[in-house]
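Everything below concerns the one structure shown next.
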Protein chains: 2
Amino acid sequence: MNAGSEPTNLRRAADEVVADIEARIASGELKNDKPLPTERELMEEFGTSRTVIREAVAQLANRGLVEARPRFRPVVRRPDYSTVIDATGTIVRYMLNEPDGVLNLYRSRVFIERGLVRDAALHATKEDIAALKAALARNKAALDDSDQFFESDMAFHEVLFNTSRNPIFPAVHKGFSAWLAPHWAKMDRSRERNLANYRAHKAIFDAILERDPLRAEEALVEHLRGAWEFVKDTFAEDGVDVPSL
Amino acid sequence: MNAGSEPTNLRRAADEVVADIEARIASGELKNDKPLPTERELMEEFGTSRTVIREAVAQLANRGLVEARPRFRPVVRRPDYSTVIDATGTIVRYMLNEPDGVLNLYRSRVFIERGLVRDAALHATKEDIAALKAALARNKAALDDSDQFFESDMAFHEVLFNTSRNPIFPAVHKGFSAWLAPHWAKMDRSRERNLANYRAHKAIFDAILERDPLRAEEALVEHLRGAWEFVKDTFAEDGVDVPSL
DNA sequence: TCTCTAGTTTGGTATGACCAAATTACCGCC
DNA sequence: GGCGGTAATTTGGTCATACCAAACTAGAGA
């Protein structure tokens, strides 16, 4: 992009170790779910101090390539799409402190899910329909148990994300759920709310069944808009003013 | 969520330091773009060894809250949405090694951009239209300079992402561009290709102008589908078989 | 006021040591 | 011989110290 007078990022010794271990994981030499060699072994192998090895392992852990529980041997973890989402977790959570953060995130979620239900209405397979139907049934069965309903509610939306047949989307849904959950947990819940949500889900499902993308999208938007009004209230309690969708 | 018989994730000493510094950044005590205290200061302040301090700083760096160039004092960086994207960079790149990774990512991109052009056709403001028009003009002006056209091509799509009026989307676009760019860079380019792309952009723009979401979406899909065929070729060279969109 | 330089500070790395928790080896008992 | 529990060993987490080279700072000189 720009000429070569840059600060010429020096290489840290740990970076080399990281790259090497990364390669070993990719090549399969270090197998999934198996522990890394001990720090002392690595240190001898790379001819560096434990300081460097530990920094390297920490980096790998932060990238999600290994899982490093304190006091335990780090374990190799071949990353998948939800690893990517997890990696963003702390920063996202940090940015959600600002109310606009939640709003923007929620809007993104609505945007994506709108597209998903449209596509579902157009292209949903028999299996998709069956999965939606099952999720819907679980909603209905959980009407009287708000905790359980909450779970089955998320599960219904997850099915929507699964219809994309693109593994990135379920991972994204997982992220949305995790990030927005704290606010949803504060929401008031009641049988009436559950019933309203169930009916909203059913409206979406029916529209998909009838292959009506427009109506499916509308139903979804109304559903999520309604939910947002309740999330808003959890902010209002803190005296924070949040706009509607 | 579950009772307390878990592996009881011990707290690492560094975590406390991380949390504390995080709080100082959030509170503004540590100001943006200003250097962190020296490691030796922090170590005295927290009453721990430099080992712990360094590990904490490394964590903060990995989360994007500070920028730590080797040999320089770490600098506080208040995270924004593209920080989140950057944080995923290494893992995403890692997963793009598998051809399915690129395919899934590209499909996600198409999915999102489809929604964006639909919405643009429905709700684009005068300013959006003007920005698109300007981007289009830059495409046309760069027809004969493939490097410049490539840039203006990405810029056109970026404008599409901007129409969302949600700062998350431009950040996502930045991610898509960065992750997919390596493959696009290998693509053959020529005046004809540039011209075809320009015309595709124009078709999208025209459809938006005429408030025709359906046609806008179709034009976009055809455009991106065409581009994918060329990306495919870069895989075919490596003997990797990649399906169509 | 600016430039160059010598001195100081600071991050990167290497050692070596110690602790507590985790793992392994071992042993006696059913 | 298989098993459960205990002792010995290994391993990750932390500390203290030292040294180097690069970055920074202050002061001399033009």
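The values are calculated or read from the model by the stated rules, or taken from the named source; none is laboratory data. Note that the structure is predicted; figures quoted are calculated from it, not measured. Positions of Cβ are backbone-derived with ideal geometry, glycine not excepted, and every protein chain shown enters the neighbour counts.
Say whether the condition of being facing chain A (nearest Cβ under 10 Å) and without any contact (Cβ under 8 Å) to a residue 24 or more places away in the chain is met by at least one residue in segment B:115-127. The answer is yes, given that some residue of segment B:115-127 is facing chain A (nearest Cβ under 10 Å) and without any contact (Cβ under 8 Å) to a residue 24 or more places away in the chain. Selection within segment A:166-214: residues that are among the hydroxyl-bearing types (S, T, Y) and without any contact (Cβ under 8 Å) to a residue 60 or more places away in the chain. The member of this set that is surrounded by the fewest Cβ atoms within 10 Å (Cβ to Cβ) is A:S190.
Can you name the residue in segment A:139-157 that is among the polar types (S, T, N, Q) and closer than 17 Å to A:D188 by Cβ and, of all such residues, is surrounded by the fewest Cβ atoms within 10 Å (Cβ to Cβ)? Of everything passing the filter in segment A:139-157, A:Q148 is surrounded by the fewest Cβ atoms within 10 Å (Cβ to Cβ). Would you check which residues across segment B:47-85 are more than 19 Å from the chain's Cα centre (by Cα) and of a type in the set (D, E, K, R) and list them? Within segment B:47-85, B:R50, B:R54, B:E55, B:R69, B:R71, B:R73 qualify. Scanning segment A:44-75 for residues that are part of a loop (DSSP other than H, G, I, E, B) and at negative phi yields A:T48, A:S49, A:L65, A:A68, A:R69, A:P70, A:F72, A:R73, A:P74.
Checked across segment B:202-216, the condition of being on the phi > 0 side of the Ramachandran plot, modelled with pLDDT under 95 and not in a helix (DSSP H, G or I) holds for no residue. What are the residues in segment A:29-79 that are within 11 Å of chain B (Cβ to nearest Cβ), buried (at least 16 other Cβ atoms within 10 Å of the Cβ) and polar (S, T, N, Q), if any? Within segment A:29-79, A:Q59, A:N62 meet the criteria.
From the set of residues in segment B:80-102 that are assigned to a loop (DSSP other than H, G, I, E, B) and in contact (Cβ under 8 Å) with a residue 60 or more places away in the chain, which is nearest to the other protein chains (Cβ to nearest Cβ)? So, considering only residues that are assigned to a loop (DSSP other than H, G, I, E, B) and in contact (Cβ under 8 Å) with a residue 60 or more places away in the chain, the one nearest to the other protein chains (Cβ to nearest Cβ) is B:D80.
For (1) in contact with a Lys or Arg (Cβ under 7 Å, 6 or more places away or on another chain); (2) within 16 Å of DNA strand D (Cβ to nearest atom); (3) under 16 Å from B:A178 (Cα atoms); (4) among the acidic types (D, E), each residue gets a yes or a no:
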| residue | (1), (2), (3), (4) |
| --- | --- |
| B:K34 | no, yes, no, no |
| B:M43 | yes, yes, no, no |
| B:V57 | no, yes, no, no |
| B:R78 | no, no, no, no |
| B:Y94 | no, no, yes, no |
| B:L103 | no, no, yes, no |
| B:R107 | no, no, yes, no |
| B:I112 | no, no, no, no |
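Only residues that are among the aliphatic types (A, V, I, L, M) and modelled with pLDDT of 95 or more were counted across segment B:156-179, and they come to 2. From the list B:V92, B:V110, the one residue that fits, being assigned by TED's automatic domain parsing to the domain that holds B:H173, touching a helix residue (DSSP H, G or I) at 6+ places or on another chain (Cβ under 7 Å) and at pLDDT below 95, is B:V92. Scanning for something more than 16 Å from DNA strand D (Cβ to nearest atom), touching a residue at least 60 places away in the same chain (Cβ under 8 Å) and either of a type in the set (D, E) or in contact with a helix residue (DSSP H, G or I) (Cβ under 7 Å, 6 or more places away or on another chain) (or both), does segment A:139-146 turn up at least one residue? For segment A:139-146, residues more than 16 Å from DNA strand D (Cβ to nearest atom), touching a residue at least 60 places away in the same chain (Cβ under 8 Å) and either of a type in the set (D, E) or in contact with a helix residue (DSSP H, G or I) (Cβ under 7 Å, 6 or more places away or on another chain) (or both): present. Is segment B:69-82 home to any residue that is touching a strand residue (DSSP E or B) at 6+ places or on another chain (Cβ under 8 Å), within 10 Å of DNA strand C (Cβ to nearest atom) and of a type in the set (V, I, T)? No; the residues of segment B:69-82 include none that is touching a strand residue (DSSP E or B) at 6+ places or on another chain (Cβ under 8 Å), within 10 Å of DNA strand C (Cβ to nearest atom) and of a type in the set (V, I, T). For B:G28, the conditions (1) within 25 Å of the chain's Cα centre (by Cα); (2) at positive phi are fulfilled apart from (1).
Among the residues here, B:R24 does not qualify as part of a helix (DSSP H, G or I), in contact with a Lys or Arg (Cβ under 8 Å, 6 or more places away or on another chain) and free of Cβ contacts under 8 Å to residues at least 12 places away in the same chain.
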